[in-house]
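Student: Questions regarding the structure given below will be posed in turn.
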Amino acid sequence: MSVESGRSALRSVLLTVFGALALLPSAAAANAQSAVVAVSANFTDTAKELWALFEKETGHRVVLSFGSTGQLYAQISQGAPYDVFLAADDERTKTAIEAGFAVEGTEFTYATGRLVLYSSDPGFVTGEDTLRKGEFQRLAIANPTAAPYGAAAIETLKALGVYEALAPKIVQGVSITQVYQFVDTGNAEVGFVALSQINGREKGSSWLVPQNLHAPIAQNAVLLKHGEKNPVAREFLSFLRGEKARAVIEKFGYATGTP
């Protein structure tokens, strides 16, 4: 073998070794035990507590991405790399399965939400009479086409027979989180929010909307095709069904199980 041939062979070996070493970090990243979860905005505080509990118990990493259910579904349909979808309704999870974005047989109701009429002003909300009197300039609701809580708010107003009178006063937030911000900052005197957002807080005044005034807010979870082979995604969904998770969910004002 010539000297030049020997040098060439040595360079090939070194390149192979260094190439393998360079791949180690990316291989470790590829094997990282993690999952990305798309979470409806109303479930933000609850999801953060569940996230901490899950990571503590399993050592696995979960990345949470929040938004309105409609926004998240649009992102999923456009190829967003989510592994799990926690919707605020039971329609978009079914649609995701039908459209081939989610795994059939993995859908279940993880929580049933409650709608609340809320004002940051103590004593302002006294019940349905607050809506019947209409003594306010702005009533905040989430976008009813993107957020199930917004749709439930519209149903409630129509059931009470006050929708036509109050429609000019309605201001829409892109999500239930933004609606809460509108009301909490005084940009709207009153608004429809999720019970979980004000549960345990003494500030302001509220009325828990009777469930017979709107369709049940069944919040469904589903495993997405992107996470079909991700064991952490499946483990997170199993965790969500467990007693410890249910206790956290109920603590934030949700019911668990099928409504």
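Student: Give me the residue from segment 127-174 that is at pLDDT 95 or above and among the β-branched types (Val, Ile, Thr) and, out of that set, surrounded by the fewest Cβ atoms within 10 Å (Cβ to Cβ).
Tutor: Val171
Student: Cβ contacts < 8 Å: first residue touching a residue at least 40 places away in the same chain (Cβ under 8 Å), restricted to segment 57-82; second residue among the acidic types (Asp, Glu) and surrounded by fewer than 18 Cβ atoms within 10 Å (Cβ to Cβ), any location; separation 6+ or different chain. Result?
Tutor: Thr58/Glu235; His60/Glu235; Arg61/Glu55; Val62/Glu55
Student: Have a look at Gly186, Gly242, Gly200 and point out the one that is of a type outside the set (Ser, Thr, Tyr) and at pLDDT 95 or above.
Tutor: From the options Gly186, Gly242, Gly200, the qualifying one is Gly242.
Student: Show me the helices (runs of 4 or more DSSP H) found entirely inside segment 127-171 where at least 2 residues are of a type in the set (D, E, K, R).
Tutor: Passing ranges, in order: 129-133, 148-159.
Student: A further question on this structure: Inside segment 45-63, can you point out the residues that are surrounded by fewer than 17 Cβ atoms within 10 Å (Cβ to Cβ) and in contact with a strand residue (DSSP E or B) (Cβ under 8 Å, 6 or more places away or on another chain)?
Tutor: Hits for segment 45-63 are Lys48, Glu55, Arg61, Val63.
Student: Among the residues of segment 60-76, how many are part of a strand (DSSP E or B) and of a type outside the set (A, V, I, L, M, F, W, C)?
Tutor: Total satisfying the criteria: 3.
Student: Oh, and also: Tell me, yes or no, whether segment 182-189 has at least one residue that is crowded, with 21+ Cβ neighbours inside 10 Å and either farther than 25 Å from Gly70 by Cβ or of a type in the set (Ser, Thr, Tyr) (or both).
Tutor: The answer is no; no qualifying residue exists.
Student: If we scan segment 175-186, do we find a residue that is within 20 Å of Thr44 (Cβ to Cβ) and outside any helix (DSSP H, G or I)?
Tutor: yes
Student: Do you know which residues across segment 34-59 are part of a strand (DSSP E or B) and among the polar types (S, T, N, Q)?
Tutor: Within segment 34-59, Ser34, Ser40 meet the criteria.
Student: Let me ask something else. Consider segment 104-126. How many of its residues are of a type in the set (A, V, I, L, M, F, W, C) and surrounded by fewer than 19 Cβ atoms within 10 Å (Cβ to Cβ)?
Tutor: 2
Student: Here's a follow-up. Could you tell me which residue of segment 94-126 is farthest from Leu195 (Cα to Cα), considering only residues that are among the hydroxyl-bearing types (Ser, Thr, Tyr) and assigned to a strand (DSSP E or B)?
Tutor: Thr109
Student: Which residues, taken from segment 114-133, are without any contact (Cβ under 8 Å) to a residue 40 or more places away in the chain and either touching a Leu at 6+ places or on another chain (Cβ under 6 Å) or hydrophobic (A, V, I, L, M, F, W, C) (or both)?
Tutor: Leu131
Student: If I ask for residues that are within 19 Å of Thr93 (Cα to Cα) and among the polar types (S, T, N, Q), which ones from segment 208-251 would you list?
Tutor: Gln219, Asn220, Asn230, Ser238
Student: When you go through Ala142, Ala88, Ala80 one by one, which is the residue that is touching a helix residue (DSSP H, G or I) at 6+ places or on another chain (Cβ under 7 Å), closer than 30 Å to Arg234 by Cβ and among the hydrophobic types (A, V, I, L, M, F, W, C)?
Tutor: Selected residue: Ala88, the only one of Ala142, Ala88, Ala80 that is touching a helix residue (DSSP H, G or I) at 6+ places or on another chain (Cβ under 7 Å), closer than 30 Å to Arg234 by Cβ and among the hydrophobic types (A, V, I, L, M, F, W, C).
Student: Among the candidates Val162, Val179, Val222, which residue alone is assigned by TED's automatic domain parsing to the domain that holds Lys56 and among the β-branched types (Val, Ile, Thr)?
Tutor: Val222
Student: Okay, moving on. Please go through segment 77-93 and give me each residue that is part of a helix (DSSP H, G or I), under 17 Å from Lys225 (Cβ atoms) and over 13 Å from the mean Cα position of the chain (by Cα), ordered by number.
Tutor: Across segment 77-93, the qualifying residue is only Ser77.
The values are calculated or read from the model by the stated rules, or taken from the named source; none is laboratory data. Predicted model only: the values in this text are computed from it and were never measured. Counting neighbours? That spans all protein chains shown, and the Cβs are built from the backbone with ideal geometry, glycine included.
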